[in-house]
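Engineer: I am attaching a structure below and will ask some questions about it afterwards.
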Amino acid sequence: MKKISPFLLLFVLSCSSPKIHIPGNYENKFVYAGQDEAAATEYSIKEAGKLAELYPDEEIVNDEIKITMRFEQNDRYDTLAFKKLGDQVKKKKKETDKNLESSKVNLARDLEKLLNGELKNLNLSAFSTTNSSEEELTENPLPDGEVFTNTKFEYEYTTIKDFVNEPFVVEYNSMTKPKNFSFKIDDKVADLEKEKEKNEGGGYFKTDSRYLIYNLNLPIRGTRVNARYFESCRDAKFNNLIYIPESHYTVKKVIKISKPEWLDFEIIEKNFEGLEFKKEEVEESTSSSDDDDDDSGSKSNKKKQKFIVYTFKNLPAYQRYRDGRGASYNLPMLYIHYKSVNTPKVKKNIFNSTDDLYKWYRQVTGTLQNDTAKFAEFTRNLVKDAKTDEEKIKKVFYWIQDNVRYIAFEDGIAGFRPDECSNVFSKKYGDCKGMANLSRNMLKVLGYDARMVWIGTRHLNFSYDIPGLNVDNHAICAVKLNEKLIFLDATETYCALGDYANRIQGRRCIVEDGEKYTIERIPEFGPEHNRTTVTENVTLNNGQLDVKGKKIFLGESKIDFLRDYNLLRIQNRDEALYNYLTNEKIFIEATNISSSDLNNRDIDAEVKYDLNVSNHMFSNNGKTFINLAWDRELAGFDFDTIRKVDFDFGLKMDLQSNIVLTLNSGQKVVQLPKAVNIDNAYYAFNLEIVQQGNTLVYKKSMVTKQDYIPVNMLKQFTADSKQLTNFYNTFIVLEN
Amino acid sequence: MKKYIFSLLPALILSTLVVGQSASEKKYFKDPVEDTVKNESVVIVRDYDEYNISKFSAFDYKVNIVSRTQYKLKDVYAIEAFNTITKSSGLKKIIITQLKPDGTLKEIYIKEDKNYKDDQSYDDVKFKEGEDKIAVEDLEIGDIIDYRYEWSYTTAVKPQNTVDVKHSKYMQIEASVKNYNIFRKLPEFTKFLQERYPSLSACYIMDVPEEINLLQKAVNCNYKFIETTGGGRRVFRCDIGYVKAYKGEQFSYSYIDLPVLKYCLIQTKNETMDNLYPFQFNDGSITDDQVAELGRNFYANKKFMPKYLYYTDAKKYTLGYEEVSLNAFFTAFIKTFKGENKLEVLNKFHEYLSNNDEINQWQFSKMNFAVLMARFCDKIKQPYQMIACLHKYEGKWDEIIYPGDISWGIFIENGDKDLYITSTSKTSNIYSMFGSLDGTDIVVFNPKDKMPPTVRKYPDVGYGDNTVNYVSEVELTDEATLEYHFINNYTFKGLMIDNINDNIAYRFYPEELDTDAGFWGLVNYGLYNDEIYRDSGDYMPEFRRINASFGERREESTKESFEYFLYSEYHFDDIKVDSFRIIEGAGYADGPEAECKFKVEFNSESVVEKTNNDYLVMNLGKLITEQMEISNFKRNERMTNVYNSNLKEITWDITVDLPKGYKPVNLNDFICDFKNEAGIFKATIVQVGDQLQIKVTKIYTSHYLPKDKWSEMVTFLKQAVLFYEKKLLLEKK
């Protein structure tokens, strides 16, 4: 108590009413000398306390959220924007080349400017509404689209616990611009400092994505916050998803989407099962100033506008799980399918059909030079010893896998247009598009019919039936051989020709064909394609178990195994293999480890080994107890009962294990674990130990028929995993 | 950066590189180096450090440094490791280039600071790694990545007016106070020759004025600086051949067993040496007399020790700092702890200094610490002598060339247990003894006279000095769910108090705890235990409520941290903490027999697991918590001898209920009586009714084992791990 008394004194002296002074930073606790006051009252604190009991996992409850989205036609839409952009790039390059040649002195100066970020390669302001005085998020801006969106966001929330320190964060990028932020805390205007903007980072090497962060430190529960801002988007195509749940429990959420007559679009309700909501169409008088909240604007231009209004009630907070299958499978969302603009003057398809999506891809890639001169001779040389077409394709495919590093770009147009194949070849790095484009052009040099392919990985639950920019998130290459398409995804290192990573298997894709395209489907394999086969022979040796074993990996399990192994530092590889075989258990020792060539993706990966297991057997009172389950696959799963997100295995697993224990003469089986037989639409687990002559055969078959478990099966899977755990725990009882 | 720019630039880059290169650098990087290393992902082809020292002013020198390393990439791992390079700044020149196997040179990053200040002091050099990264183009196996950094500083010391301080016990508020602890210093090195990757060749050059000399010692290697003289300059050059990669090993003092090159520059011009470069030995073979002489000089030379300390009365909570003379500070300190005996007052003073971050910032802080302790003893009239010592991991006396490598302290005769006060650790006290000094030679001298020093052997520090005792009552509270309630009482003694501090600090991420000084703030102030957040009724209602709310929030956060801590100990993933209390002592346990005790209560349903027949499996071994493990893979390879600084004894007294209706099958598996040269592991288990009583003792008995006896340590440790992994089978009666 003595420690805080001076501060208490300060506090008492400074308070003339029962208001609470907000500490500047509650970590310097009890220095209650902050300038801000919160008008928390006994009533609001008490009410917040009641809510806290109702929602024990929440710190904040959203009382009401309103999102109002309006569309604006881009009168200056330029159908040649991509071409002009390409011309601009060429012009700039020519100028730069000229400058480079002028003198070494100039060259050095320019280089330094470039390194310091003072020299910009591209000045693309002609195609952008972005004010040039503002920060450029990318040097590769996309041109404006046919339709702009202006969205107003209004949040009203209450803290229901004390010491809530949660910033207000808005993500934006080179297509969107948040502005006109205003905040009120307990109905008083709060002038919050914009703390920082930072790169999103994540898995991207370069991205135009940024965060705008307003720090909000709210120490007294019952504090009410009103926040609002506007966001303009230069192309509605990039603004077609509205997620319904928020990061906290939301009492009411209203989403209003204007319905102008000139815009043909459809709203698709995804994952709406179980939501409490109402949809209605209303007509409202609005002023032009509502679009951007510019208070100085005239309010006289009243006009009638139709809106589609969704009102949601009692929305639980959204859930995030690292092992989730992808937001679009479970997260409720409104997906806006923009079809066309239809005015008396303009009739223009946006994404009315997949044709339009392909046209857009063509526009984005239309400026590519695809100059193959730089690698033509190299490519021909690379395949000079290959005899068949397949061997030649393989040489190119594997060379790119092995020599071109994957580096991800999500940076304006660079997020959609592949880098020039000659650049990717020279730089020896690129993203999926760049690697696909290089694959395509190297194969073209050899005379093959190679094509770009756009594809959405299994992470996405969208389809070409409702085309949009969300459908595809990946690019690969396809080569037509004997009228059949072979797909090449060079980002998948150690993937053999004809094999496909699980993430693209079975997915529909757009395959280029000049002005036309075809929609194809990547072959899909069953779980047996990824089979891991384990064969172990066990003998009893003086209280320990001697094991002679072999593991064979196929398909995705092989790709993963080879990749994990080869990306280790050489001197760590043997240890990693040892640890893998022994599960890092000190009571298992591995010897005589040998393997197939783990650099060769064209053969099955095989590892042979001997194990000595010392903690799985003991004898007592004439009985011997043995446990053969040193590998305990899929044991211990215990999903949250509240989880509403599918679980993603990442692949269809197929494990076939056969362990044979040879009994000593005279040993008699007293008790064996009861067999486990589980079979449903998603997985089949069959584990049993049976006696065959003087051996006990432990057969384990674990197959996940799909690469995921849906939400409605998670409870079942938890129970089944428990069965597996119990089986693994069970000892064989022998009588000597 | 565009490829088309670089394709025109090799000549330019070459010229950029060559400008400012010394003849030595040019030659060293021109000479071929043969790569004979197989089975490596990355190899250091050349490693080069060049120190060029010139006169800066009458008493000061300018030090210009070129540091350059070339890495050869030999596999996919290496390509991934050097995939991107961070843009750095803050140095005079940074040049990162890429050498292709065909000899082509490509630029990756060049940054030259034209405004770089050559006259800045060492502390002002601010090397900074930026956030921006460069994706290295055309990276291939066989490429060499060449990092060249150039910067400079001077030995001139700018009078620093302030240093930031944060006293973790008495004051929690950062403040700035004057820094009087300033002096000049020439470069010194303890160069550990093994790097993360094997090194084919290295070259270190010291190009200095005539009045500067170089002292050197080669430890576990024969490399040597060779001197050439001319033109008023002395050039010392050391060429090093192949050195294999460093591989970390447990129970190892790498600096003792692996190749190390120690060297330092000294000022030989007498008239400046005395005052400006005071902390140096004049030759490479020091004697006990020289050590004592240095200590005495330091004790006596007030110019190079702080004149003042600041002082805040710990009993009051005023925020001000007041600078007072050392004498006034001592007087005030003694007054604060009036009535306690001399050693207790000295212990408080040790505590004050060891918690004083300002002192910890001082260069030669170990010396400063010892002298302040000595002068405080003078003040309280406590007889003492000063000591100089070397922890085993710091090397041997005949390897010392630089005074900063020595640890200092004071020695006090104290009946049966003499005190060797050497530690500046926050959680040590004047009674702390260190196994890393066990049996070493301690130079003992009186700082106030010229009597020859004596050499004493540091006493044996046995495992009985450092103990941990776990008393764990594990009670079955729910027969249906097999939920168990744990009541764990922990008692730490000796250096184990330090260990638990480190352990908790490591696991708990103190900076994330809502306390001012992290976990030990929590413990030191007893905030978790006391009533500070309880409703006393003294405050206004709102204040009272929010005060309590803060306490609850912190309690919740601490519980979560403890759940994580206990998970890492037991690996039960369903642990729910009931309560946690520091019982006594905590990090500031004082006195020769000081103990730190705390108690944790928690629940788990993972002690016993079901099977699919009539048996149950009890994770009985896990009740001794996770044990240190040496992987089987590593048991046979050992490069260094085996050192164990602090011997210790850990004991467990566990009682655990058996589920009703079940009897144990393999109880005898839990009986163990192991002893070898590394340690002892003993376990007994008895069944009393429906309860098991387990007593386990693990003792590290050996300070040192030669590397060919590494298996002794591995085998000893393995006993505990095997016990931890053992399961008890329970059969239905």
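Engineer: Calculated FRET efficiency, B:Ser54 and B:Glu340, Cβ-Cβ r, R0 56 Å, to nearest 0.05?
Structural biologist: 0.50
Engineer: Next up: Ordered by packing density, taken as the mean number of other Cβ atoms within 10 Å over each peptide's residues, highest first, how do A:232-240, B:672-680, B:116-124 rank?
Structural biologist: By packing density, highest mean first, the sequence is A:232-240, B:672-680, B:116-124.
Engineer: May I pose another question? Could you tell me the calculated FRET efficiency between A:Val534 and B:Asp239, based on Cβ-Cβ distance and R0 = 56 angstrom, to the nearest 0.05?
Structural biologist: For A:Val534 and B:Asp239, the calculated efficiency is 0.55.
Engineer: What's the long-distance tail for segment B:612-657, i.e. % of Cα pairs beyond 16 Å?
Structural biologist: Value for segment B:612-657 (Cα pairs over 16 Å): 67 percent.
Engineer: How far is it, in nm, from the label point at B:Ser557 to the one at B:Asp653 when both lie 7 Å from their Cα along the line to the Cβ?
Structural biologist: Here the answer is 3.6 nm between the modelled labels.
Engineer: How many percent of all Cα-Cα pairs in segment A:442-487 sit more than 14 Å apart?
Structural biologist: Cα-Cα pairs of segment A:442-487 separated by over 14 Å account for 57 percent.
Engineer: Let's see if you can work this out: charge +1 on each Lys and Arg Cβ, -1 on each Asp and Glu Cβ, no other charges. What is the dipole magnitude of segment A:144-280 about its Cα centre, in debye to the nearest 20?
Structural biologist: Using Cβ point charges on Lys, Arg, Asp and Glu, segment A:144-280 gives about 280 debye.
Engineer: May I pose another question? Whole angstrom only: what separates the Cα centroid of segment A:350-401 from the Cα centroid of segment A:568-602?
Structural biologist: 37
Engineer: Give me the number: length gained by fully extending A:Lys179 to A:Glu390, i.e. 0.36 nm times residue separation minus the C-alpha to C-alpha distance, one decimal in nm.
Structural biologist: Result: 70.4 nm gained on full extension.
Engineer: Then there's this: Along each of its three principal axes, how wide is the spread of alpha-carbon positions in segment A:493-535, in whole angstrom units, largest first?
Structural biologist: Projected onto its principal axes, the Cα set of segment A:493-535 covers 53, 19, 13 Å.
Engineer: Follow-up question, since we're still on this one. In segment A:179-255, what is the volume of the convex hull around the alpha carbon atoms, normalised per residue and reported in Å³?
Structural biologist: 159
Engineer: Shifting gears a bit: Note the direction-averaged projected area, equal to a quarter of the hull surface, for the Cα convex hull of segment A:246-289, in nm².
Structural biologist: 5.2
Engineer: Determine the shielding of peptide A:430-443 by partner chains: average, over its residues, the number of Cβ atoms on other chains within 10 angstrom of each Cβ.
Structural biologist: 0
Engineer: Based on the alpha-carbon gyration tensor of segment A:684-736 and its eigenvalue square roots a ≥ b ≥ c, which shape applies: rounded if a/c is under 1.5, prolate if not and a/b is larger than b/c, or oblate?
Structural biologist: Oblate, since a/c reaches 1.5 and b/c is not below a/b.
Engineer: While we're on this one: No solvent, one uniform scatterer per C-alpha: report log10 I(q)/I(0) for segment A:409-469 via the Debye equation at q = 0.24, 0.26 1/Å, two decimals.
Structural biologist: Rounded to two decimals, the profile gives -1.02, -1.09.
Engineer: Further, regarding this structure: Quick check of the Kirkwood formula: for segment B:574-733, what is the inverse mean of 1/r over all pairs of different Cα atoms, in Å?
Structural biologist: 18.1
Engineer: Output the Kirkwood hydrodynamic radius of segment A:397-521, Cα pairs only, in Å rounded to one decimal.
Structural biologist: Result for segment A:397-521 stands at 14.6 Å.
Engineer: Now for a separate question. If you stretched the chain out fully between A:Phe277 and A:Glu377, how much longer would it get, using 0.36 nm times the residue separation minus the C-alpha to C-alpha distance?
Structural biologist: Here the answer is 29.7 nm.
Engineer: Restricting to bridges with both residues inside chain A, how much of the DSSP beta-bridge set is antiparallel, in percent to the nearest 5?
Structural biologist: DSSP beta bridges in chain A are roughly 90 percent antiparallel.
Engineer: Counting Lys +1, Arg +1, Asp -1, Glu -1, what net charge surrounds B:Thr701 among other residues with beta carbon under 15 Å of its beta carbon?
Structural biologist: Net local charge, B:Thr701 excluded: -2.
Engineer: According to the Kirkwood expression over distinct Cα-Cα pairs, how big is the hydrodynamic radius of segment A:590-736, in Å?
Structural biologist: About 17.6 Å for segment A:590-736.
Engineer: Using a Förster distance of 60 Å, how high is the FRET efficiency between B:Val471 and A:Val189, based on the Cβ-Cβ distance and rounded to 0.05?
Structural biologist: E(calc), rounded to 0.05, equals 0.50.
Engineer: What per residue convex hull volume, in Å³, comes out for chain A when only alpha-carbon positions are used?
Structural biologist: Once divided by residue count, the hull of chain A is 251 Å³.
Engineer: Let me ask you something else. Kindly provide the helix-only [θ] at 222 nm of chain A, computed as the sum of -39,500 (n - 2.57) over DSSP H runs of four or more divided by all residues, to the nearest 500 deg cm²/dmol?
Structural biologist: -7000 deg cm²/dmol
Engineer: On to the next question. Find how much the distance from B:Thr481 to B:Lys247 grows on full extension, using 0.36 nm per residue of separation minus their present alpha carbon separation; answer in nm with one decimal.
Structural biologist: 79.5 nm is the gain from fully extending B:Thr481 to B:Lys247.
Engineer: In µm²/s, what is D for segment A:334-443 at 10 °C and 1.306 mPa s, where D = kT/(6 pi eta Rh) by Stokes-Einstein and Rh is the Kirkwood radius from Cα pairs?
Structural biologist: 99
Engineer: Cα convex hull of segment B:654-722: mean projected area in nm², to one decimal?
Structural biologist: Hull-based average projected area comes out at 5.0 nm².
Engineer: Which loop GluC sites (Glu not before Pro) in segment A:518-557, with loop taken from DSSP, have no more than 14 other Cβ atoms within 10 angstrom of their Cβ?
Structural biologist: Sites meeting the loop and neighbour criteria: A:Glu524.
Engineer: Calculate the mean, over all residues of peptide A:562-569, of how many other protein chain Cβ atoms lie within 10 angstrom of the residue's Cβ.
Structural biologist: Mean inter-chain Cβ contacts per residue within 10 Å come to 3.
Engineer: On average, how many beta carbons from a partner chain sit within 10 Å of the beta carbon of a residue in A:205-216?
Structural biologist: That average works out to 1.
Engineer: Just name one of B:Val608, B:Met618, B:Ala678: the one whose Cα is farthest towards the positive end of the charge dipole of segment B:558-679 (beta-carbon charges, Lys/Arg +1, Asp/Glu -1).
Structural biologist: My answer, from the dipole projection, is B:Ala678.
Engineer: Still on this structure, I have one more. Say a paramagnetic label sat at a point 7 Å from the Cα of B:Asp573, along Cα to Cβ; which residues of segment B:601-622 have their backbone N under 20 Å from it?
Structural biologist: Of the residues in segment B:601-622, B:603-612, B:617-622 have backbone N under 20 Å from the label point off B:Asp573.
Where a number appears in this text, it was derived from the coordinates with a stated rule and is not lab data. Note that this is a predicted model, so its numbers are computed, not measured. Neighbour counts are summed over all protein chains in view; Cβ atoms, including those assigned to glycine, are modelled from backbone coordinates with ideal geometry.
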